[in-house]
1. Hey, what's the Cα Rg ratio for region A:124-171 versus the globular rule of thumb, 2.2 N^0.38 Å?
2. Mean 1/r over all different Cα pairs, inverted: what Kirkwood radius does region B:256-426 give, in Å?
3. With n ≥ 4 as the cut-off for DSSP H runs, can you work out [θ] at 222 nm for the protein assembly as shown, using -39500 (n - 2.57) per run divided by the number of residues, rounded to the nearest 500?
4. Which order do peptides B:34-42, B:483-491, B:555-563 fall in by mean Cβ count within 10 Å, highest first?
5. Please report, for the Cα atoms of region B:439-632, the Rg to one decimal and the Dmax as a whole number; what are they, in angstrom?
6. Run the simple label-point estimate for A:ARG481 and B:GLU468 please: 7 Å along Cα→C-beta, distance reported in nm.
7. Hey, if you drop one equal point scatterer on each alpha-carbon of region B:340-392 and run the Debye formula without solvent, what base-10 log of I(q)/I(0) do you get at q = 0.22 Å⁻¹?
8. Does region B:356-427 come out rounded, prolate or oblate, given a ≥ b ≥ c as the square roots of the eigenvalues of its C-alpha gyration tensor, rounded meaning a/c under 1.5 and, failing that, prolate meaning a/b above b/c?
Protein chains: 2
Amino acid sequence: MVPVLPYGFNGRWLRVDLSSKSLKIIDVPEELYKEYLGGRGIASYILFKELKPGIDPLGPENKLVFATSVITGTPIPGVNRIVVAAKSPLTGTYGESEAGGFFAPELKYSGFDVVVVEGASEKPVYLWIRDGRAEIRDATHLWGLTTKETVEEIKKELREPFARIGCIGPAGEKLVRFANIMFEHRYAAGRGGMGAVMGSKKLKAIAVKTSGRSVRFYDEKKLVEIVKWFNDNWKNQPGAVSRSQYGTAELVTPLNKDGTLPTLNFRGGSFNDAVKVSGEVLNKTILVSKSGCFACPIRCKPDVKGEKPYETDPSYGGPEYETITSFGPLCGISDLNVIARANQICNAYGVDTISAGVAVAFAMELFERGIITSQETGGLELRFGSTEGMLRLLEMIVKREGFGNVLAEGVKRAAEFIGRGAEKYAMHVKSREIPMHEPRGKVGVGLQYALSPIGADHVQAPHDPSFERITQHLTALGLTRPVNRLALNHEKVRAVYYGMLWWGLEDCLGICKFVFTPHSAGVLTPNHLVEIVNAATGWGVSLWSLMKASERAFNLARAFNVCEGFAGKDDTLPQRFFEGLEFGARKGQRIDKAEFDKAVKLFYEIAGWDEEGKPTPGKLYELGLDYVVEELYKG
Amino acid sequence: MVPVLPYGFNGRWLRVDLSSKSLKIIDVPEELYKEYLGGRGIASYILFKELKPGIDPLGPENKLVFATSVITGTPIPGVNRIVVAAKSPLTGTYGESEAGGFFAPELKYSGFDVVVVEGASEKPVYLWIRDGRAEIRDATHLWGLTTKETVEEIKKELREPFARIGCIGPAGEKLVRFANIMFEHRYAAGRGGMGAVMGSKKLKAIAVKTSGRSVRFYDEKKLVEIVKWFNDNWKNQPGAVSRSQYGTAELVTPLNKDGTLPTLNFRGGSFNDAVKVSGEVLNKTILVSKSGCFACPIRCKPDVKGEKPYETDPSYGGPEYETITSFGPLCGISDLNVIARANQICNAYGVDTISAGVAVAFAMELFERGIITSQETGGLELRFGSTEGMLRLLEMIVKREGFGNVLAEGVKRAAEFIGRGAEKYAMHVKSREIPMHEPRGKVGVGLQYALSPIGADHVQAPHDPSFERITQHLTALGLTRPVNRLALNHEKVRAVYYGMLWWGLEDCLGICKFVFTPHSAGVLTPNHLVEIVNAATGWGVSLWSLMKASERAFNLARAFNVCEGFAGKDDTLPQRFFEGLEFGARKGQRIDKAEFDKAVKLFYEIAGWDEEGKPTPGKLYELGLDYVVEELYKG
């Protein structure tokens, strides 16, 4: 079925059953790659087909998928992300998270497009993949180690200083529901608890090394041409230059001015001390160098070194915008050293910085409102702005100690446990904590939170300001009319829908959201992506066929959630967003609930879903998802 | 609103009111071109917005639109078709027909992207457009002339031997419901009675001449590169070479072998004497030279000279496949001289050869079955195979004489007039006569007949054999699975839907169906089209945005029909196709009615239409058709 020497992919998957300790290499037909591309496409295909609805995400029935795509490993900047997916222990939905760095190209070069891990080991193990061969190795001696220790230990024992390693820290071992998977202890597949799934399988790490490149591309000259074009042109794009200079931390200042910097658990949108946690100040204070990902010249990632008493190790990487805001303004904290320290704790123990920050801010608000007291917190005074409270609580979370054990379940479950109206302050959609983008000032972001297949997420579609001015790049996406960031009309719904297909396509292909327009830092255009896929595969795809592949993956993930019992009522936002911002430049601004509900219904109709958000047979058949129709409409 | 010097279009429309004899030049904003592109897109926009439902298509309230597109006038082969649209007097639906040749580039170069003719003149007139100026001129002296006479007369009186002229013949004047518009008396906007609309307005002709080129393109170098690529490559494509050598007549032999050559009013699918009317024989007998359209090297159009007693004038062009089959096998006739003569009568008097041929075959079957007798036919013996009967009846139709006056209304109305079960033999969908493609051997063609917005039409989507093998070009269209020509499953429905968007896009852009893959004669690919539009406009479109523009036009046309009262029950086929072919290689083959109805319903769901085939608000809003929602869902 697979051509002897396919272009763009190996045609081989590694299937690992940790219960039986068996390894299988399977050949996969080209048609599957054509329809699903990789990443989210392949992962949602595997999970929909293979997971029985209702399984425990932390049980051996769950499967953990590491997926590259047909363009992973090309030298194009930004095309380097590993997509990790499983049923999420945080949300109970289809779960997915992506990480940059170097792991994905290394995995693909080593001979496998995809690794599927199923079952569970009794004792800790890790997986070692080299040049198309794989081995399950004991990891008893690694259990309990931080991510950095794990990475160093494995490299030493394999005598492979350049192995690429994805691993969990102690938080993943302890099944913190928002535990992440760290690659080289600084690139995080952060969200949705993929690290807890790994922990539940007693899989401490996956190490990969290749001595060559197993995969070939159809038109390598063309790929090099595009890279050259990128290198010649990215500095003409002010957004890319600024991203290179300040990283994502550049967002703090403008969002604060705009009144959409999440502050004090989303009570307000501006923070008095925002300047202290800004990218400009970060660059002048704790920044020591910049890092980047495979083949990318932008290098947007900060390496930081904090000062006493909050020393930090630059090798863990520094806090990015989401982390700065969730441990900073969201908790009322303005000390970059403290934030960098929190970032390091998260990366060392392996938890998502967004969920962790939101969990701390949630606890602070409950404490200030008297819903919880120091009795529950083990004596901690959890007031907004308390740096010590924040760091201590974070440690308790990652170690599942005391009240931290409650928050390690995520704010939704914590609120249920606490009761007393705590749910009102639990900022989540489908149990997934809200990222650091205030939907009251860019309402399309609210729509993507509600309609994301993985719970609240800020990288499902370009944010509203991208749609305010019609550019060439929006033209390619079929968007011809500017739409105001506050509008919640059908133009906005369409923009968010098309935007979700576009960014979803990037997740099918394992692409960094920053490199492609209409992201403000974007350099390459949607039509470049068509060229890239064709240069990699020789298939002759178009943006139409690629968007349809993305729609296929989007509907698979949605169908997965429908089978898990999710329905229209779950596609909403925390009540707080329907009430006015309490302070900041957009004080009083709110989302109208009735308008929002109407927009969600319109989204369903545009998506080809019924009134409950269930994909219709017509949409599923259109996408070639016959097996989903059978499952969703059986009996 | 329009850039001072836009790329790809003039930004100017000419609006002609023949009732008041007023001419208006209006500026049109770039956004409109971006969303509607031209051709079908612009025409359906104008007609939906401006025509009141229920108007008489032959009354002054109807409007006749001549539309070019944003790529018309580029030097790309095949990009030269003029789209003519109005409410169809044959079907009562949105009506549209396209013609190749030289008129469209000339019109666009002269300064107008679109001409809209409304109202009606009392006396015959013609329109004269030169270098951005227009004039209504008396045509009393032209009334009653054939198309060739009209063209020659106008050129003489304007002293413009190179003017490009579209005109009607006597049939259009007499409001034959399938009267066409002839360009240079050999390129026909044939179907749906656009010539009758022109006749009802007493508009005998439109003449155009330019002395320069009013429009510029964004990247002329790129356009020339594509032309060069085309010229270097088209001879490597066997389908294109064969099309160049034999024209569409090449289809007679293979379709006859295949059992899908419509014969004896669609009773069977093979014709004993097919070889006598084949492209091979045509080339050896009556062919004298080949002609082509603007900028196209393929030159697929035959010039023929018949022998006594059926002499023909080569300047009228020769019969193409549809004409050969409708006057040949469909009527049981195997004499190419006779067929060429019928072709000339149609072109000189200005009627559609398909509808005319089907009308004659219909009458022949009625006669043979005794449903009509020589009393009604004025003594004519209308047996299948009667060359004299066919030619005489055709003359009676184009002149509306005797029984010809009945058939000049089209087979549907004729059958109603005749009664006595005649409807069973009236081969039409929505009153539009079936073209020469037998859906029982390629069932997707049946779907496009039923779901075409203009009634039965064979150029709404690629035919089934195109979908039997997955090529690069189908990959670009998002079709990844081969589907058998006889299958009526969801793969087929999807293929036809995507195929209708693709060929509909070609009608938005005024492109010949032959030059682009997956047509068997195709040379350019869908991705080439993206390059062409971008080279013309500089917009940065993608195949996604172009397909969405086509979907916009498709839904506009559908919405037009919904407003006219068309619904699900009208999306069907003549009963004959649900019964077995009576003879030929596919004897006994039929379409299953229940399966077909199910496929139509699935098509609706894929299209985003409700159970009655009415576009949902979600689909309309997605496409930015707010004004259509208002109209369709008012009150």
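Read the figures in this text as sums done on the coordinates, not as results from a lab. Small disclaimer: the values here were computed from a predicted structure and weren't measured. Every residue, glycine among them, receives a Cβ derived from its backbone with ideal geometry; neighbour counts consider all protein chains shown.
1. After normalising by residue count via 2.2 N^0.38 Å, the value is 1.08.
2. For region B:256-426, inverting the mean 1/r across all distinct Cα pairs yields 16.1 Å.
3. Result for the protein assembly as shown, helices only: -11500 deg cm²/dmol.
4. B:34-42, B:555-563, B:483-491
5. Expressed in Å, the Cα Rg and Dmax of region B:439-632 come to 16.9, 54.
6. About 4.5 nm, to one decimal.
7. Values, matching the q order: -0.80.
8. Rounded is the answer for region B:356-427, as its axis ratio a/c remains below 1.5.
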